[in-house]
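Written out below as C-alpha cells is the structure these notes cover.
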C-alpha cells in the first residue's frame, strides 16, 4: 500500500495536528516503511501456529477469603476528628 503526503495531511487534519512540510515528508516515509514491513509479515507462513486470544495462561491469582478479626473500634476512631453512632462524621457535601 502506498502512503502519499496527501494521506498524511488528511490524517494530521483528522488528528488536529499541525505538521510542517518536513514533518509530513518524514511521516510519509515512516508510514510507508511500516506498511511495507506489514506486507513482509503477511507473507509469513503461520498455518502451523494456533490462534491465541491470550498470550499468557489464565490462572487464578486471588487468595481464598478468610475471616479475620478487625481492628478494635476505639482504635479505629482514635484519630477521627468526629464520630457519630459508630461512624465517621464528615462535613455535608451537597
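The values are calculated or read from the model by the stated rules, or taken from the named source; none is laboratory data. These numbers come from a predicted model, not from an experiment. Counting neighbours? That spans all protein chains shown, and the Cβs are built from the backbone with ideal geometry, glycine included.
So which residues in region 1-57 are part of a loop (DSSP other than H, G, I, E, B), surrounded by 11 or more Cβ atoms within 10 Å (Cβ to Cβ) and within 26 Å of the chain's Cα centre (by Cα)?
Residue satisfying the conditions is 17 alone.
With the condition kept exactly as written, say whether any residue in region 75-90 is modelled with pLDDT under 95 and part of a helix (DSSP H, G or I).
yes
Every residue in region 67-94 that is surrounded by 10 or more Cβ atoms within 10 Å (Cβ to Cβ) and over 38 Å from the mean Cα position of the chain (by Cα), please.
73, 77, 78, 82, 83
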